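J.: The structure follows.
The values are calculated or read from the model by the stated rules, or taken from the named source; none is laboratory data. Only a predicted model underlies this, so the values are computations on that prediction, with no experimental measurement involved. So basically every Cβ, Gly included, is an ideal-geometry build from the backbone, and we count neighbours across all protein chains shown.
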Amino acid sequence: MTPLERTLARALTEVVIRLDLSDDDAITPEATMQVIDPVSLLLQDLSEQDRQALADLINQFSQQETDPERQLTVIEAPETLGFLS
């Protein structure tokens, strides 16, 4: 992956972490889904190979996390984004 692709993947991962771990009073689950759903639809347009490459990259990010809660969120990110089961 290029530095641009890696940076965008990391940014996407950080958004998922922040949304997932936010207090429901700060960002409601409905608001979270209003952000995640359109992103998920865009990711569905990627080829299977590209979705797998993104999932692999996100998995690398999870291995860099030292906070267990953030790490679990990152591990679940591909499924949360709906491009891997």
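J.: In the range 1-31, which residues are closer than 13 Å to Ala77 by Cβ and of a type outside the set (A, V, I, L, M, F, W, C)?
T.: Residues satisfying the conditions are Arg10, Thr13, Glu14, Arg18, Asp20.
J.: Something else: Report, by residue number, each residue of the range 13-35 that is touching a helix residue (DSSP H, G or I) at 6+ places or on another chain (Cβ under 7 Å) and in a helix (DSSP H, G or I).
T.: Step one: list which residues in the range 13-35 are touching a helix residue (DSSP H, G or I) at 6+ places or on another chain (Cβ under 7 Å), which gives 13, 16-17, 19-21, 27, 32, 35.
Those that are touching a helix residue (DSSP H, G or I) at 6+ places or on another chain (Cβ under 7 Å) and in a helix (DSSP H, G or I): Thr13, Val16, Ile17, Leu19, Asp20, Leu21, Thr32, Val35.
J.: Hey, another quick one. Kindly list, by first and then second residue, each pair from a residue in the range 1-26 that is without any contact (Cβ under 8 Å) to a residue 24 or more places away in the chain to a residue that is loosely packed, with under 15 Cβ neighbours inside 10 Å and in a helix (DSSP H, G or I), limited to pairs with Cβ atoms under 7 Å and residues at least 6 apart or on different chains.
T.: Pairs that qualify, where the first residue is without any contact (Cβ under 8 Å) to a residue 24 or more places away in the chain and the partner is loosely packed, with under 15 Cβ neighbours inside 10 Å and in a helix (DSSP H, G or I), are Leu19/Val35.
J.: If the Cβ limit is 6 Å and pairs must be 6+ apart or interchain, which residue in the range 57-85 that is in contact (Cβ under 8 Å) with a residue 12 or more places away in the chain pairs with which residue that is acidic (Asp, Glu) and assigned to a helix (DSSP H, G or I)?
T.: These pairs meet every condition: Thr73/Asp20.
J.: Answer yes or no as to whether Glu30 is among the acidic types (Asp, Glu) and surrounded by fewer than 12 Cβ atoms within 10 Å (Cβ to Cβ).
T.: yes
J.: Please pick out the residue among Leu8, Leu81, Leu21 that is of a type in the set (A, V, I, L, M), surrounded by 13 or more Cβ atoms within 10 Å (Cβ to Cβ) and modelled with pLDDT under 95. Can you show your working first?
T.: Working: Leu8 fails: modelled with pLDDT under 95; Leu21 fails: modelled with pLDDT under 95.
Residue meeting the stated conditions: Leu81.
J.: Report the residue count in the range 41-85 for those that are assigned to a helix (DSSP H, G or I) and over 13 Å from Ala9 (Cα atoms).
T.: 17
J.: Of Leu57, Leu43, which residue is surrounded by 11 or more Cβ atoms within 10 Å (Cβ to Cβ) and in contact with a Phe, Trp or Tyr (Cβ under 9 Å, 6 or more places away or on another chain)?
T.: Leu43
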